[in-house]
Structures are given as C-alpha cells and as structure tokens.
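What follows is one structure encoded as structure tokens, with my remarks underneath.
The values are calculated or read from the model by the stated rules, or taken from the named source; none is laboratory data. All of these numbers come straight from a predicted model, not from anything done at the bench. Note: ideal-geometry Cβ built from the backbone for every residue, glycine included; neighbour counts use all protein chains shown.
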Amino acid sequence: MKNLLYFLVVVFLLSCADSAKKDTKKKAQKSTVYEMYEPSEMATLMNDFYAYNEKLKANIEAGKPLDEEGAKLFENIHTAVLTDSRDKDALFDAWAIALEQAQKGIFNNSVPGSQKEKFNAAVRVCVSCHEKKCSGPISRIEKLYIRT
C-alpha cells in the first residue's frame with residue numbers, strides 16, 4: 001500500500017511538471033510578435049516611379065503614344081513622407097525639382113532631344129540623386145536606360 005501511495009505521488013508530480021513545460025511553450029509562442037516592414041510613403045512612391053518608367057520605356061521603344069497623365073505622379077515627391085525625415089533638406093528638394101522637370105521634359109516638345117534622350121536624362125537624374133543624396137538601388141534604376 002505504501003508503494004502504491006509513492007507511485008501515485010510520483011505520477012502526480014511528473015504530470016504537473018509536464019503541464020508546466022507545456023504552459024511555458026504556449027507563453028513563448030504567444031509572446032513572439034513579428035514586426036512587419038512597412039515602407040514609407042517615399043519608398044512606395046519610388047517603386048511607383050520605377051513601375052511608371054518601365055511602362056514609359058516600353059512605349060518609347062515601341063513607338064507607342066505616351067501616358068503624360070502618369071507624369072503627374074512625380075509631383076508627389078515634394079510631399080511624400082521619407083523613411084528618415086532628416087533626409088528632407090535643401091539638397092533633396094533640389095533633386096526633387098530636377099526629377100520633376102526631367103520627367104515633364106519627356107513630353108515637352110520644346111525641350112530639345114528625342115524622347116529616348118529625354119527619358120535617359122530623367123533616369124540620369126534618378127541615378128545622380130541616389131549617388132549623391134540617398135543611397136538607393138542604382139543598379140535597378142540603371143536598367144531603365146534605353147540603349148541607343
């Protein structure tokens with residue numbers, strides 16, 4: 001009888017210990033929270049610029065009409081929130097103006113040069129900004145150049 005009592009006590013203690021381990025695992029699983037990357041307005045806008053310029057490049061190469069309305073997208077560069085607000089300074093503003101003018105110049109017939117040349121000039125503005133101001137995906141941007 002004494003042995004039976006010891007046996008029951010040991011089984012009870014082991015089951016409590018096992019239950020405590022399960023609770024600890026559950027708490028560890030619940031407390032793990034992953035923070036998802038959320039791009040800034042400017043990062044999203046830059047991706048939109050790239051997508052628009054890919055389409056524009058394809059249309060120029062194919063000799064198709066260009067979507068001038070899409071160029072209005074570039075006006076948002078002045079108001080989009082940057083990942084690091086300290087990066088918005090006079091140099092950034094100067095590059096933003098240069099980019100907007102270069103993009104609009106593609107559609108402006110009074111600006112000298114072919115559409116290919118003007119498009120490549122706009123891409124050069126992007127590359128130059130990312131070289132001087134904010135490091136960015138320069139190799140990706142350079143893929144936009146229209147080879148002449």
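Residues that are acidic (Asp, Glu), surrounded by 17 or more Cβ atoms within 10 Å (Cβ to Cβ) and either at pLDDT 95 or above or not in a loop (DSSP other than H, G, I, E, B) (or both): does segment 93-112 have at least one? Within segment 93-112, one or more residues are acidic (Asp, Glu), surrounded by 17 or more Cβ atoms within 10 Å (Cβ to Cβ) and either at pLDDT 95 or above or not in a loop (DSSP other than H, G, I, E, B) (or both).
For segment 83-105, the set of residues classified as within 30 Å of Lys116 (Cα to Cα) and small (Gly, Ala, Ser) consists of Ala90, Ala94, Ala96, Ala98, Ala102, Gly105, listed by residue number.
So Ala80 fits all but one of (1) closer than 14 Å to Phe49 by Cβ; (2) of a type in the set (A, V, I, L, M); (3) assigned to a helix (DSSP H, G or I); what number is the exception? Result: Ala80 fails condition (3) only. For segment 64-76, the count of residues that are small (Gly, Ala, Ser) and more than 17 Å from Cys129 (Cβ to Cβ) is nonzero. With respect to the stated conditions, Lys57 is modelled with pLDDT of 95 or more and either surrounded by 13 or more Cβ atoms within 10 Å (Cβ to Cβ) or in contact with a Ser or Thr (Cβ under 8 Å, 6 or more places away or on another chain) (or both). For segment 29-54, filtered to residues that are part of a helix (DSSP H, G or I) and more than 26 Å from Ala80 (Cα to Cα), the residue that is modelled with the lowest pLDDT is Gln29. Among the residues that make up segment 113-120, is at least one of them farther than 15 Å from Leu66 by Cβ and either of a type outside the set (Ser, Thr, Tyr) or in contact with a strand residue (DSSP E or B) (Cβ under 7 Å, 6 or more places away or on another chain) (or both)? Checking segment 113-120: not a single residue is farther than 15 Å from Leu66 by Cβ and either of a type outside the set (Ser, Thr, Tyr) or in contact with a strand residue (DSSP E or B) (Cβ under 7 Å, 6 or more places away or on another chain) (or both). Pairs meeting the criteria (first residue in segment 117-129 and in contact (Cβ under 8 Å) with a residue 60 or more places away in the chain, second residue outside any helix (DSSP H, G or I) and among the hydroxyl-bearing types (Ser, Thr, Tyr), beta carbons under 6 Å, at least 6 apart or on different chains) are Val123/Tyr145.
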